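Report on one structure; see the data block that follows.
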Amino acid sequence: MSDCLFCKIAAGQIPADKIFEDDCALVFRDISPQAPTHLLAIPKKHYPSVHEIPPDEVGTLLGKLMTAVTTALRKTDLDKNGYRLVVNSGEIAGQTVPHLHIHVLGGRSLAWPPG
Ligand code: AMP
Ligand code: ZN
């Protein structure tokens with residue numbers, strides 16, 4: 001998608017503070033962090049949200065995305081200290097960028113239930 005912010009970041013057209021990158025996924029720091037560590041993990045292929053991934057691609061795409069997340073967790077030491085993964089889907093859930101992304105939050109206490 002030529003007008004998608006995260007597609008542009010994935011393509012290197014907009015800079016990002018990258019934590020991990022491979023051929024399928026990218027993990028970078030959120031520009032407006034809501035916790036001491038706040039990362040975003042995205043697939044390079046554009047889908048607005050998880051339910052829009054074709055069924056025959058779900059396992060591979062999310063498997064590779066979660067592999068990128070686990071690598072980033074180890075790199076940032078969140079694996080030792082605790083963290084939360086969040087996917088906002090749709091306006092009602094607070095999604096502002098319509099390109100699937102997993103928020104990775106850590107470094108402070110996180111209340112439950114979320115707002
Ligand atoms: P969401 O509201 O779940 O769609 O999350 C979108 C996230 O993208 C927000 O936390 C924003 O702070 C973040 N964001 C927006 N623009 C950028 C950018 N250029 N680089 C990094 N993060 C961004
Ligand atoms: Zn996109």
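Between the Cα long axis of helix 55-75 and the first principal axis of the chain there is an angle of about 40°, rounded to the nearest 10. Centre-to-centre separation between the Cα atoms of the stretch 15-90 and those of the stretch 98-115: 12 Å.
Subtracting the Cα-Cα distance of Gln13 and Leu110 from their residue separation scaled by 0.36 nm leaves 31.6 nm. Per residue, the stretch 5-106 exposes 53 Å² of solvent-accessible protein surface, assessed with a 1.4 angstrom probe and all protein chains in place. With respect to the cross-link table entries Lys44/Lys80; Lys45/Lys80; Lys18/Lys75, which display a Cα-Cα separation exceeding 23 Å? Cα-Cα > 23 Å for Lys44/Lys80; Lys45/Lys80; rest within. Only helices enter this figure: runs of n ≥ 4 DSSP H residues, each worth -39500 (n - 2.57), summed and divided by the residues of the chain, yield -8000 deg cm²/dmol at 222 nm to the nearest 500.
Give, as ranges by residue number, the residues of the stretch 51-94 whose backbone N falls under 18 Å from the point 7 Å along Cα→Cβ of Leu5. Under 18 Å, as judged by backbone N against the label point of Leu5, lie 86-94 of the stretch 51-94.
A full extension of the chain between Thr70 and His51 corresponds to an added length of 4.7 nm, given 0.36 nm per residue minus the alpha carbon distance. Would the chain count as rounded, prolate or oblate if I go by the C-alpha gyration tensor, calling it rounded below 1.5 in a/c and otherwise prolate when a/b exceeds b/c, oblate otherwise? Rounded is the answer for the chain, as its axis ratio a/c remains below 1.5. For the chain, with all protein chains in place and a probe radius of 1.4 Å, 56% of the accessible heavy-atom surface sits on carbon or sulfur.
The values are calculated or read from the model by the stated rules, or taken from the named source; none is laboratory data. These figures come from a predicted structure and were not determined experimentally. As a convention, Cβ positions derive from the backbone with ideal geometry for all residues, glycine included, and neighbour counts pool all protein chains shown. These area figures cover heavy atoms from the full protein model, side chains too; ligands, DNA and RNA do not enter into them. Shrake-Rupley method; radii C 1.70, N 1.55, O 1.52, S 1.80 Å.
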